[in-house]
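The values are calculated or read from the model by the stated rules, or taken from the named source; none is laboratory data. This one's a predicted model, so the numbers in the text were calculated from it and none came from an experiment. Quick reminder, even Gly has a Cβ in these numbers, built from the backbone with ideal geometry, and neighbours come from all protein chains shown. Surface areas here come from the heavy atoms of the whole protein model, side chains and all, with no ligands, DNA or RNA. Shrake-Rupley method; radii C 1.70, N 1.55, O 1.52, S 1.80 Å.
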Amino acid sequence: MVDPAVLRRFSASAACYDAHAHAQRLSARDLLAFTRRTLPEQFGPGRRILEPGCGTGLYTRMILDAFPGAAVFGVDISEPMVRVARGHIGDPRARFAVADAEEVGSASYDLITSNATFQWFLSFSRTVARMAALLRRGGLLTFSFFGPGTYAELDAALRDAAAEGGGPGGRVAAAGFLGRDEIAAVLSAAFPRWDVVERRYHQEFPTLADLLRSIRYTGTRGGGTPWGVSPGRLSRVEEAYRERHGAIRATYQVLLCRGQAAGEGAA
């Protein structure tokens with residue numbers, strides 16, 4: 001299950017999510033290319049795809065375009081997110097449900113693919129094992145996972161400002177995300193074939209407030225992000241940010257992950 005606090009934030013930001021999902025859109029594009037490199041050329045009609053954490057359908061649309069004839073089942077624990085996805089996507093090949101992705105039923109799938117969701121599950125290893133059990137022989141699990149280097153600049157600025165006595169302290173949520181070695185260990189326990197590759201994206205913002213607004217609307221704020229802090233203290237965090245980095249720049253570390261079940265179709 002997703003952390004309830006994370007669920008509340010994603011639900012609250014459903015209407016604004018797509019407008020601010022810069023890194024999530026890039027990771028969806030790269031995840032799709034990463035996925036297609038392993039799938040058979042004729043992956044399409046009759047194939048069944050599960051998308052855990054479908055959110056507003058941003059990645060769902062890419063999947064539908066990439067795999068004509070395949071059926072996509074998108075699930076998300078946030079009802080407002082699913083409502084937006086249903087409103088945006090009228091393709092009869094897609095269906096959606098409000099459900100906990102870790103508790104999806106016993107149906108089998110040729111492909112399970114998920115963008116920017118797995119880092120939020122409370123039990124990552126259990127989720128991966130569950131998804132592996134839902135795959136058909138030779139089936140593929142792929143997902144993008146935001147790593148601990150995400151928002152590293154903001155994390156450093158918070159620590160700098162706190163050390164000088166002028167900031168709120170704390171860490172960004174991403175600082176606690178799993179890293180590449182930990183993800184690889186889980187994949188290797190569940191799949192005979194697996195892979196993890198890294199991508200890094202960068203984005204600049206005019207002010208710290210613009211960065212924080214983007215974080216809020218994509219549901220990714222962490223316990224140390226300075227919400228509710230006075231303007232004066234936020235100003236000191238921004239000063240520390242610019243002093244260290246020269247600009248309000250954000251890095252997104254994304255790990256593209258793949259596990260393939262044994263059997264027919266395995267590459």
**Item:** Unique match (being modelled with pLDDT under 95, in contact with a helix residue (DSSP H, G or I) (Cβ under 7 Å, 6 or more places away or on another chain) and among the β-branched types (Val, Ile, Thr)) among VAL2, VAL72
**Value:** VAL2
**Request:** Would you check which residues across segment 105-123 are under 10 Å from the mean Cα position of the chain (by Cα) and part of a loop (DSSP other than H, G, I, E, B) and list them?
**Result:** ASN115, ALA116, THR117
**Prompt:** Do we have any residue at all in segment 123-142 that's under 20 Å from MET62 (Cβ atoms) and of a type in the set (Phe, Trp, Tyr)?
**Reply:** no
**Item:** Only one of ARG126, ARG29 that is within 18 Å of ALA261 (Cα to Cα), open to solvent by 20 Å² or more (accessible area, probe 1.4 Å) and outside any loop (DSSP other than H, G, I, E, B)
**Value:** ARG126
**Message:** SER78 - would you say it is farther than 20 Å from LEU39 by Cβ, in contact with a Phe, Trp or Tyr (Cβ under 7 Å, 6 or more places away or on another chain), of a type in the set (Ser, Thr, Tyr) and open to solvent by less than 10 Å² (accessible area, probe 1.4 Å)?
**Reply:** yes
**Message:** Residues to consider are ARG199, ARG216; find the one that is modelled with pLDDT of 85 or more and either part of a helix (DSSP H, G or I) or surrounded by 17 or more Cβ atoms within 10 Å (Cβ to Cβ) (or both).
**Reply:** ARG199
